1. Within the set of pairs 6+ apart or on separate chains, which have a first residue in segment 246-264 that is without any contact (Cβ under 8 Å) to a residue 24 or more places away in the chain and farther than 20 Å from residue 108 by Cβ, a second that is surrounded by fewer than 18 Cβ atoms within 10 Å (Cβ to Cβ) and among the charged types (D, E, K, R), and C-beta atoms under 7 Å apart?
2. Having 3 or more residues that are over 18 Å from the mean Cα position of the chain (by Cα) and either closer than 20 Å to residue 230 by Cα or hydrophobic (A, V, I, L, M, F, W, C) (or both) is the bar; report the strands (runs of 3 or more DSSP E) wholly within segment 1-113 that clear it.
3. Only one of 201, 215 is in contact with a strand residue (DSSP E or B) (Cβ under 7 Å, 6 or more places away or on another chain) and assigned to a helix (DSSP H, G or I); which?
4. With the condition kept exactly as written, say whether any residue in segment 165-173 is part of a loop (DSSP other than H, G, I, E, B), in contact with a Leu (Cβ under 7 Å, 6 or more places away or on another chain) and either buried (at least 21 other Cβ atoms within 10 Å of the Cβ) or among the charged types (D, E, K, R) (or both).
5. Across segment 135-158, what is the number of residues that are in a strand (DSSP E or B) and crowded, with 21+ Cβ neighbours inside 10 Å?
6. Which of the residues that make up segment 248-260 are crowded, with 21+ Cβ neighbours inside 10 Å and assigned to a strand (DSSP E or B)?
7. Would you check if residue 206 is at pLDDT below 95 and assigned to a helix (DSSP H, G or I)?
8. Would you be able to tell me the number of residues in segment 42-67 that are in contact with a Leu (Cβ under 9 Å, 6 or more places away or on another chain), touching a residue at least 40 places away in the same chain (Cβ under 8 Å) and either small (Gly, Ala, Ser) or surrounded by fewer than 19 Cβ atoms within 10 Å (Cβ to Cβ) (or both)?
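The values are calculated or read from the model by the stated rules, or taken from the named source; none is laboratory data. All of these numbers come straight from a predicted model, not from anything done at the bench. Note that each Cβ is placed from the backbone with ideal geometry, even for glycine, and that neighbours are counted across all protein chains shown.
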Amino acid sequence: MYQFSSPILTNECLHGAYHRLTIDLGELAKAARPGQFVQVQIPNLEGHILRRPFSICDVDGSVMMLVYKTVGTGTAALAEVRPGTELNILGPLGHGFDELPADRPCVLLGGGYCCAAMLFCAHWAAAHGRPAPQVLLGARSQSDILLEEEFRRLGCQVGVSTDDGSYGMPGRITVLLEAVLKRQPNAWLAACGPKPMLKAVALMAEQFNGAHCQVSLDEIMCCGVGACFGCVIKCKAPDTPQGWCYKRSCADGPVFESTDICWD
């Protein structure tokens, strides 16, 4: 974990409320792994002492990319920050995804803007000579689908579903996943998205005995380093009297084995 400041290279609107920011990390970029995140101190927002967590969308050489949606005061303020402004960052943080295996089909699932956490996985596979993973993107509507072309440029086969049927397959992302698992029941899955989506993906993976699933939980965080216990999730713990325990999504995660989580 490092704390550093570096000028913003670009901060642009992708479309609607979605934005893409890049920053040069220099040698520190080598420390980042898919599934990790950073805590960002928003400039010109001195009244808000807490940093904001953002999944690392991609790292290309020394340049880190973040993709975010303006949903509140912090992200709205970040969208107004101009290139050249120094950004203070804490990271990379958290436990990321395992390395994509080379001996079984890999499927990356992203729900809404949480698909940003999956692009780094696909880029890592390409950089390390692994077969391109299949990518499934799900969102409410076509305007919420992100980074589709970026995944395709990495050689990924991309499937898309939208709740309202405005683009791709109508329905939830699990409609796409079920078709994939019927063809490849031993697939290795990595997913990031809203908790209901992750629960549905995890339960579907359990129906196929050969499937393996890791999930990245998009939890609200405060400190981001495991000190405040404000982002705990309930996990299975057979050795405890109650059979479960709390784990910190920032320090013990955000990536967990899907079978370790108490979904109910």
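1. 246/234
2. Per the criteria, 2-15.
3. 201
4. Taking every residue of segment 165-173 in turn, none turns out to be part of a loop (DSSP other than H, G, I, E, B), in contact with a Leu (Cβ under 7 Å, 6 or more places away or on another chain) and either buried (at least 21 other Cβ atoms within 10 Å of the Cβ) or among the charged types (D, E, K, R) (or both).
5. 5
6. Answer for segment 248-260, where residues must be crowded, with 21+ Cβ neighbours inside 10 Å and assigned to a strand (DSSP E or B): 248, 254, 255, 256.
7. Yes: the conditions hold for residue 206.
8. The number of residues fulfilling the criteria is 3.
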